[in-house]
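Here the structure comes first, spelled out in structure tokens, and everything after it is commentary.
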Amino acid sequence: MTAVASDGTATDYEDVRVREGARSGLTIAIAVHRTVGGRALGGCRFELYGSTEDAIADVKRLARAMTFKAAIAGLRLGGGKGVIAYPPDSPPDGYHRKLALHDFAELVDSFDGRYITAQDAGTALEDIAYIGRFTDHIAGHPLSEGGSGDPSPYTAHGIEVAIRASMRIPIAGRRIVIVGLGHVGAALARLLCEAGARLAVTDIDPHKRELARELDAEWLEPGEALVSGADLLAPCALGGVLNESTIPRLQVPIVAGAANNQLASEAAADMLRDRGIVWAPDFVINAGGLIAVADELHGFNASRVERSIERIGDTVQQIYARAAAAGTNTLVAAQELAVERSGGIHGNDT
């Protein structure tokens, strides 16, 4: 079933709701791209946005990506996403942050279980617990409550699995550049360090140099890291980093990282292919956190989650093989595989 917007035009989204928080005054937005079994799952981002329009565009892009991520991971869930947007000139303090989380919880509750929220960029376990005071529709509970806990280690594990599958040679001794040392990037850096990789890392936060020293990793300035020569580049920060400006300057044979929406446009996938650069689709390889959080809906089992995450490597190799056989890029191959596994991406599946 195709959803219809308020102006009568067809839309690829089942539901997009935008509010000004009654308590916080901040823009609160939730997009449900698709429900499966009556549910969509996706985290809550608490981020700086330049405008309401930017926040809405981002929540919609992210919700759509979640649909593909869940489908290709074999999860019986649709894709959704929520954002709490604050302006550049007034980041909220602790008190106003809680007001915004309360506002967000009320919007989550208005979906009557069709949207389940969880931790994402800019939010932590304690934020999700606070949201849970006002709605039951959350996932990502603390380990002490039998939940999955912080999803970052699971996401990092999935990226490591995909890197191994992409390189097809031992990681030890290989130069890997990680751009972004947030929760996932830092966890990935530790995993790759343990595997013997020669790391070069960067982050816009200079305090992350301490982690670089701890791991005996080379520190790169943010402007040079993306185009530094290496065996593999792992973008783990902002989206849109693979574009007409950066792709011609890349000096790596493989790109595999945790950042969402790495391609500035779908045309970027062809640009990477034309340059002979293998790109591991982000929505495929960063699904570890989603797999873990979604498992709570069935009673969390860590062993089951780890087995599912290890299968990301098989999926990546299948995508590469399909792309090579069809003479297409890995984005198209991954999207086609997701559609096959889901029985169709657009509309309801309830």
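The values are calculated or read from the model by the stated rules, or taken from the named source; none is laboratory data. What you see is a predicted model; the values in this text were computed from it and never measured. A quick note on method: Cβ atoms are made from the backbone with ideal geometry, for glycine too, and the neighbour counts reach across all protein chains shown. SASA here: full protein model, heavy atoms, side chains in, ligands and nucleic acids out. Shrake-Rupley method; radii C 1.70, N 1.55, O 1.52, S 1.80 Å.
Given the structure, is residue 74 open to solvent by less than 10 Å² (accessible area, probe 1.4 Å) and not in a helix (DSSP H, G or I)?
Numbers: open to solvent by less than 10 Å² (accessible area, probe 1.4 Å): no; not in a helix (DSSP H, G or I): yes.
Criteria not met by residue 74.
Only one residue in 294, 334, 269, 325 is in a helix (DSSP H, G or I) and free of Cβ contacts under 8 Å to residues at least 40 places away in the same chain. Which one?
Working: 294 fails: free of Cβ contacts under 8 Å to residues at least 40 places away in the same chain; 334 fails: free of Cβ contacts under 8 Å to residues at least 40 places away in the same chain; 269 fails: free of Cβ contacts under 8 Å to residues at least 40 places away in the same chain.
Within the list 294, 334, 269, 325, the selection yields 325.
Scan segment 203-234 residue by residue and report those that are of a type in the set (A, V, I, L, M, F, W, C), under 20 Å from residue 249 (Cα atoms) and open to solvent by 20 Å² or more (accessible area, probe 1.4 Å).
Pass one, segment 203-234, residues of a type in the set (A, V, I, L, M, F, W, C): 204, 211-212, 215, 217, 219-220, 225-227, 230, 232-234.
If we keep only those that are under 20 Å from residue 249 (Cα atoms) too, we end up with 219-220, 225-227, 230, 232-234.
The answer is 219, 226, 227.
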Test set (1) of a type in the set (Asp, Glu); (2) modelled with pLDDT of 95 or more; (3) in a helix (DSSP H, G or I) - residue 126 fails condition number: (2)
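Need at least 2 residues that are of a type outside the set (A, V, I, L, M, F, W, C) and farther than 16 Å from residue 279 by Cβ per element, so show me which strands (runs of 3 or more DSSP E) inside segment 137-250 make the cut, counting only ones lying wholly within it.
Qualifying strands (runs of 3 or more DSSP E): 198-202.
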Residue match in segment 258-265 (condition: free of Cβ contacts under 8 Å to residues at least 24 places away in the same chain and part of a loop (DSSP other than H, G, I, E, B)): yes
